[in-house]
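The values are calculated or read from the model by the stated rules, or taken from the named source; none is laboratory data. Bear in mind the structure is a predicted one, so any value in this text is a computation, not a measurement. We place every Cβ from the backbone using ideal geometry, glycine too, and count neighbours over all the protein chains shown.
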Amino acid sequence: MNSLIADSEAILRLSVFTLMFIVLAVLERWYPQRQMSFSRSWRWFSNMGLGALNTAVVKMVVPLAGVGAAVLAQERGWGLFQWLDLAVWISIPLFLLLFDLTIYLQHRLFHWQPVLWRMHRMHHTDMDYDLTTGNRFHPGSILISAAIKLALVLLTGPQAIAVVIAEILLNATSMFNHSNIRLPAQLDRVLRLLIVTPDMHRVHHSVDDHEHNRNFGFNFPWWDRLFGTYVAQPLRGHADMKIGIKGFRPGTPPGIIALLVQPFDNGSSDEE
């Protein structure tokens, strides 16, 4: 069963990604929350190009990451879940919670530690906010994230299917909560009790220092409330809030090469 899951992982992830991308892209066209500042084409080329690059880099540098690590842990009897002999119906939801908590804590670490922030900052310098922003990460930060997730899998020893679900959920929710979709206020209030909504996460991309150090969650909204990092709405409202990072506001969106070297850039003097 584990080998079947491992063999099917790539097609499962690609299928869900493609479906989510199409649905969200259409909804962004029909129900946009904000007016976009730049043309989609160049931003999408850069952001999606980075996503493809990151996938290839992880495959080459950390080939054991994800399902492979779970299969190894199962075969060797490694990890907390293996030692406790937890039932599948307990271990899978427990791993999903631990996985999401780890991503939340990792996200806070990337904002707190200066070297990590320089890599993660590239995600925040996108001055428009749509589903492709969820793919805009520096390969360095993706490799560190892959190593953290690898350690979590080896320490907990989850079912392979749990890792597949966690990765698919993370990818899908990252596109969803970065999407430029206008949800009805009542629906947003209900949804954000269970998952991170676009309006909830968009606050995290504000140029305001206080706001961009809030709402770190990706999948589940509970960690921000539990650890005191939750804020409901941006001070200027979603239509008027500025997206991006002060000092990184070029006239046109940068290309892939410029984004890759951005961690070594101290920014401009433009502090608008």
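Tabulated values for the structure
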| item | result |
| --- | --- |
| Count of residues meeting criterion [surrounded by 24 or more Cβ atoms within 10 Å (Cβ to Cβ) and either out of contact with any helix residue (DSSP H, G or I) (no Cβ under 8 Å at 6 or more places or on another chain) or more than 19 Å from Val58 (Cβ to Cβ) (or both)] in region 163-179 | 3 |
| Residue within region 205-216 that is in a helix (DSSP H, G or I) and either under 14 Å from the mean Cα position of the chain (by Cα) or in contact (Cβ under 8 Å) with a residue 40 or more places away in the chain (or both) present | yes |
| Number of positions in region 217-249 that are more than 18 Å from Arg182 (Cα to Cα) and either among the β-branched types (Val, Ile, Thr) or not in a loop (DSSP other than H, G, I, E, B) (or both) | 9 |
| In region 67-89, residue nearest to the chain's Cα centre (by Cα) [restricted to those that are among the aromatic types (Phe, Trp, Tyr) and either part of a loop (DSSP other than H, G, I, E, B) or within 13 Å of Leu154 (Cβ to Cβ) (or both)] | Phe81 |
| Close pairs from region 236-252: first under 24 Å from Trp42 (Cβ atoms), partner loosely packed, with under 10 Cβ neighbours inside 10 Å and at pLDDT below 85, Cβ under 9 Å, at least 6 apart | Lys242/Glu272; Lys246/Glu271; Lys246/Glu272; Gly247/Asn266; Gly247/Ser269; Gly247/Glu271; Arg249/Glu271; Arg249/Glu272 |
| One residue from Arg202, Arg236, Arg249 being over 15 Å from the mean Cα position of the chain (by Cα) and under 25 Å from Leu27 (Cα atoms) | Arg236 |
| Unmet requirement for Thr125, which otherwise passes all of (1) in contact with a Ser or Thr (Cβ under 7 Å, 6 or more places away or on another chain); (2) under 30 Å from Phe38 (Cβ atoms); (3) crowded, with 21+ Cβ neighbours inside 10 Å; (4) not acidic (Asp, Glu) | (1) |
